[in-house]
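The values are calculated or read from the model by the stated rules, or taken from the named source; none is laboratory data. Note that this is a predicted model, so its numbers are computed, not measured. FYI the Cβ positions are ideal-geometry reconstructions off the backbone, even for glycines, and counts take in every protein chain you see. With ligands, DNA and RNA removed, areas are computed over all heavy atoms of the protein, side chains included. Shrake-Rupley method; radii C 1.70, N 1.55, O 1.52, S 1.80 Å.
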Amino acid sequence: MDVYLPRTLPEALELKARHPEAMPIAGGTDVMVDINFDRHRPTALIDLTRIPELAVWRREDGHIFLGAGVTYTRIMQELPGLRAWFQAARTVGSPQIRNRATVGGNLGTASPAGDALPVIAAHDGEVIMISARGERSLAWHEFLVGVKRNALHPDELIAGVRWRTVRGPGSFSKIGTRNAMVISMAGLCLLLDEEARAVRVALGSVAPTIVRAAEAEAFAAAEIARAGAWDDPKATLSEGTLAEFGERVTGAAKPIDDIRGTARYRRHACVVLGRRALAWALADRRG
Amino acid sequence: MDVTLSVNGVSRTASVEPRITLADVLRDELGLTGTHVGCEHGVCGACTVLLDGRSVRSCLLFAVQAAGQEVTTVEGLAAADGTLHPLQKAFHDAHGLQCGFCTPGFLMAARELLDENPSPTESEVRTWLSGNLCRCTGYQNIVDAVLLAAERMRGAP
């Protein structure tokens with residue numbers, strides 16, 4: 001096995017063009033597990049941890065760009081104001097994992113259980129890909145095409161993810177067997193978009209890819225409008241409305257039974273996560 | 001492929017194949033067998049070392065990825081004259097170990113915690129150490145040991 005250690009982005013892109021079979025590796029917390037278990041034996045690796053262009057985030061023109069090489073520890077330290085991002089980052093593995101694992105890794109692995117992915121989906125994020133040929137971007141749902149499958153071309157690397165800043169409360173929550181070191185059985189990111197007067201809900205681990213609960217989103221936005229709560233944060237939704245929202249959220253799930261949980265349990269988890277997340281968001285607006 | 005690392009403050013060079021993990025280089029090439037290899041897939045935390053001051057799993061890292069960086073292992077905790085680090089002393093005093101297999105990983109994870117937060121609460125210690133498994137102690141004495149070390153390092157009576 002060959003390992004390439006590029007120090008600049010152009011060098012990395014040239015290597016990837018010449019060796020499209022080479023597996024990109026950053027923190028290694030996914031790639032190395034497969035290698036150590038002999039599930040995957042790449043002929044070559046390209047280490048991306050030394051490339052400064054991938055390890056940055058920045059605010060630009062009403063958007064945020066988050067580089068593929070930014071670790072979850074850094075998201076917690078440097079972006080605590082992005083509440084859903086912070087909460088998702090905090091649930092990834094353990095400190096040792098968060099010190100290495102990157103957002104690019106979640107996108108590259110494209111597991112429906114990647115904790116950053118529902119957050120990217122709820123933010124309507126676009127994934128930026130680069131190659132020696134140039135740069136392109138795809139909406140998150142065009143990028144994530146199946147279980148552990150993404151739309152990356154063999155000569156491309158993931159540069160990062162970009163989204164329009166959302167004003168309003170939000171959260172990420174997930175269900176698993178313990179609080180740490182757990183791959184989620186169900187995960188949910190909910191955002192209230194105060195400007196568009198919209199609610200956005202994305203689910204992880206309950207379908208082949210991340211899904212948005214569009215019907216539940218429209219229901220919640222209409223109910224908030226009906227209660228007058230977009231203009232008056234003190235206005236509340238009834239318990240019954242919150243419960244119905246939860247039921248509609250789970251309507252978007254297409255879960256399976258697997259080693260981590262049953263489809264039935266996952267459907268129930270979506271009801272509970274959805275109901276709680278909307279209640280939290282409304283409570284945050286009341287202050 | 002020659003890899004040069006700073007290990008516990010000393011520059012060390014090993015000739016390794018690219019597919020060799022940092023844990024294996026530390027143990028097999030450099031003779032630093034204090035770093036233990038348990039699960040080899042990032043769950044148990046026994047192989048925890050510090051890389052540029054941050055705790056990482058040395059089984060999930062190729063040695064070549066760490067080239068040029070500062071590695072701290074459990075052997076780097078005690079002073080040159082053999083005086084135990086306050087964490088090591090506290091693990092001894094508070095019975096924070098039984099078989100000892102997981103101990104180096106716990107010590108290195110706890111070291112990062114106390115570097116960042118010299119006054120952690122019990123809950124913060126438990127949360128921080130969530131990525132390390134111990135099959136003997138039931139964790140209570142490990143948590144007590146970290147809190148005792150923190151207290152001693154703050155110079156409290």
Long-range amide H partners of A:Val3 with built H, under 5 Å: A:Leu45
Loop sites in the stretch A:8-78: trypsin sites (Lys or Arg not before Pro), DSSP, at most 15 other Cβ within 10 Å: A:Arg39
Average other protein chain Cβ within 10 Å of Cβ, residues B:60-68: 6
Helical contribution to [θ] at 222 nm, DSSP H n ≥ 4, -39,500 (n - 2.57), averaged over chain B, rounded to 500: -8000 deg cm²/dmol
Residue-span extension gain [A:Thr165 to A:Ala214] - 0.36 nm each, minus C-alpha spacing: 15.7 nm
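State to the nearest 20 debye the size of the charge dipole of the stretch B:86-154 about its Cα centre, where the only charges are +1 on K and R beta carbons and -1 on D and E beta carbons. Intermediate values should be presented prior to the final figure.
Details: 6 positive and 8 negative charges, 39 e Å.
About 180 debye.
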Carbon + sulfur, % of accessible area of the stretch B:86-154 - ligands and nucleic acids excluded, 1.4 Å: 54
Net charge contributed by nearby residues that have their C-beta within less than 14 Å of A:Arg133 (K/R +1, D/E -1): -1
Zone of B:Glu151's modelled label, taken as backbone nitrogen in the stretch B:90-121 under 14 Å from a point 7 Å along Cα→Cβ: B:90-91, B:93-95, B:119-121
Label-zone membership for the stretch A:251-287, site A:Ala227, 7 angstrom Cα→C-beta point, backbone N under 15 Å: A:274-287
Net lengthening on full extension, A:Ile259/A:Glu53 (0.36 nm per residue, minus Cα-Cα): 70.3 nm
For chain A, alpha-carbon Rg over 2.2 N^0.38 Å: 1.02
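Determine, from the Cβ-Cβ distance of B:Thr13 and B:Gln140 and an R0 of 35 Å, the FRET efficiency 1/(1 + (r/R0)^6), rounded to the nearest 0.05.
Here the calculated transfer efficiency is 0.25.
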Given charges at beta-carbon only (K, R positive; D, E negative), |dipole| of the stretch A:199-262 in Debye: 200
Amide H within-cut-off set for A:Trp57, under 5 Å, with H built and near neighbours excluded: A:Gly67
Full-stretch length increase - A:Ala17, A:Ala196 - with 0.36 nm per residue and alpha-carbon distance subtracted: 60.3 nm
GNM result for chain B, Cα springs below 10 Å: residue of B:Ala145, B:Ala78, B:Ala110 fluctuating most strongly: B:Ala78
Distance in nm between pseudo-label sites at A:Asp34 and A:His268 (7 Å out along the Cβ direction from Cα): 3.4
The stretch A:170-286, relative contact order [Cα under 8 Å, separation at least 6], %: 27
Net dipole in debye of chain A [+1 Lys, Arg Cβ; -1 Asp, Glu Cβ; about Cα centre; nearest 20]: 660
Average beta-carbon neighbours from other chains, 10 Å sphere, peptide B:36-42: 4
Neighbour-limited loop hits for GluC sites (Glu not before Pro), the stretch A:1-85 (at most 11 other Cβ within 10 Å; DSSP other than H, G, I, E, B): A:Glu21
Contact order relative to length of chain A, as percent, for alpha carbon pairs under 8 angstrom and 6 or more apart: 15
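For a quick protection proxy, order the peptides A:187-193, A:67-73 by their average other-Cβ count within 10 Å, most packed first.
Going by the mean number of other Cβ atoms within 10 Å, highest first, we get A:187-193, A:67-73.
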0 to 90° range, to nearest 10: angle between helix B:140-153 axis and chain B longest Cα axis: 90
Inter-label distance, nm, simple model (7 Å from Cα along the C-beta direction), A:Leu79/B:Asp52: 1.9
Helix B:103-116 axis, angle to chain B major axis (alpha carbon atoms, nearest 10°): 70
Average beta-carbon neighbours from other chains, 10 Å sphere, peptide A:177-188: 2
